[in-house]
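Trainee: Pasting in a structure now, in structure tokens, and then I'll have a few things to ask.
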Amino acid sequence: MSLELVSIIIPVYNVEAYLKECAASIMNQTYTDFEAILVDDGSTDSSGDICDSLKDLDDRFKVIHQKNRGLSGARNTGLAQARGEYICFVDSDDMVSPGYVAEMMDAIKAENADLAICDVESAKLCEPSLDIKDRCTLKASECRDWLKDTRSREYVLMVVAWNKLYSRALLEGFAYDEGKWHEDEFAINKIIFKFEKAVFVPKKLYKYRDNSEGITGESNKYNKKHLDVFDAYMERIGISVQNRDLTLANVTLVNALYKLTELYFKNSTMSTAYQKKFREIFYTYRRYLDVKQSLKYRLFLKFPRIYGRIIGLD
């Protein structure tokens with residue numbers, strides 16, 4: 001009995017130190033009917049040559065070389081070339097367990113779900129808030145509940161691209177926002193009201209590598225491009241309102257405003273930028289705050305230092 005083709009999209013940019021290890025973990029998948037699409041996004045190290053050597057080693061690997069367009073551009077190129085009935089993403093400095101594809105495929109088929117989600121091995125993630133020991137289905141509304149606490153493990157698992165197996169139909173017409181940081185925050189907005197059911201596999205099938213050179217690394221901690229995430233939050237608020245999920249709209253709004261006040265007190269060099277973004281979000285969506293929340297954040301607008309002392313941020 002033939003298996004259904006899975007497209008594994010792997011954006012590649014200057015990862016010569018990690019790429020072979022990543023590729024080996026994909027070659028070792030117990031689910032064998034896959035195509036691995038390596039998108040060399042204008043690498044300036046030997047990554048492009050390594051991609052070509054992998055194609056020669058395993059004919060399931062396809063290689064595309066392109067001028068640098070960023071992670072989103074590389075993923076979009078891979079999506080345009082993907083032939084599989086199911087699609088997943090693997091970052092080229094990470095690794096996956098041998099059962100990464102097989103276990104999520106088994107789950108998505110058994111539960112007739114639109115996507116499967118697995119747990120992640122990462123030292124950066126906190127312990128789970130939910131005690132889930134067995135595979136379980138999640139309604140779309142339950143998936144949106146995972147987006148309510150931005151500091152939780154469940155939030156990260158719901159947002160990131162690379163711990164998921166998507167049905168091709170779910171990604172029909174889908175594209176990543178190019179030029180944006182925190183592209184996964186924008187991407188989840190495009191699908192969170194589109195699917196009916198997900199299935200969660202509580203196994204750490206994906207191994208995330210903490211790369212200090214990445215956008216979440218220490219060297220980029222206070223880069224202005226991190227403000228992109230607040231544009232994603234604004235988009236999520238708007239989409240939630242359109243779909244009559246006012247609870248998610250309110251929670252996302254409060255999370256965005258509070259996070260901006262935190263950043264305001266942590267990084268004085270960007271305090272003006274944080275204040276400006278705070279004002280934009282507050283005045284655009286303030287009608288979705290309750291009276292107490294509105295008064296609280298008006299205090300920050302008028303008297304940020306007093307707000308900081310009361311909240312314990314200053």
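The values are calculated or read from the model by the stated rules, or taken from the named source; none is laboratory data. These figures come from a predicted structure and were not determined experimentally. Every residue, glycine among them, receives a Cβ derived from its backbone with ideal geometry; neighbour counts consider all protein chains shown. Surface accessibility is based on the protein's heavy atoms, side chains included, excluding ligands, DNA and RNA. Shrake-Rupley method; radii C 1.70, N 1.55, O 1.52, S 1.80 Å.
Trainee: Would you work out the charge dipole size for the chain about its Cα centre, treating the Cβ of every Lys and Arg as +1 and the Cβ of every Asp and Glu as -1, and quote it to the nearest 20 debye?
Mentor: Dipole magnitude for the chain comes out near 2060 debye.
Trainee: Where does the charge balance sit around Thr284 when Lys and Arg score +1, Asp and Glu -1, over other residues with C-beta under 14 Å from its C-beta?
Mentor: It works out to a net charge of +3.
Trainee: What figure, in Å² to the nearest 10, do you get for the accessible area of Cys136 with a 1.4 Å probe and non-protein molecules left out?
Mentor: For Cys136, the solvent-accessible surface is approximately 40 Å².
Trainee: Here's a follow-up. Provide the FRET efficiency to the nearest 0.05 for the Gln81-Cys136 pair, computing r from the beta carbons and using R0 = 41 Å.
Mentor: 0.80
Trainee: Continuing with the same structure: Would you rank Arg287, Arg209, Arg144 by solvent-accessible area, highest first, keeping every protein chain in place and using a 1.4 Å probe?
Mentor: Reading off the accessible areas and sorting them downward yields Arg287, Arg209, Arg144.
Trainee: Related question: What accessible surface, in Å², does a 1.4 Å probe find on Arg298, ignoring ligands, DNA and RNA and rounding to the nearest 10?
Mentor: 100
Trainee: Also: For a label point 7 angstrom out from the Cα of Glu21 toward its Cβ, which stretches of the range 86-116 have the backbone nitrogen within less than 15 Å?
Mentor: Label zone hits: 91-97.
Trainee: Quick check: pseudo-label points 7 Å beyond the Cα along Cα→Cβ at Arg305 and Glu262, how many nm apart are they?
Mentor: Rounded to a tenth, the inter-label distance reads 2.4 nm.
Trainee: So, one more: Using every alpha carbon pair in the chain, what percent of pairs falls into each 10 Å bin from 0 up to the bin containing the largest distance?
Mentor: Percent of pairs per bin, in order: 6, 25, 32, 23, 11, 3, 0.
Trainee: Also: Grab the other residues whose beta carbon is less than 10 angstrom from that of Asp41, score K and R as +1, D and E as -1, and report the net.
Mentor: Overall, the nearby charge balance is +2.
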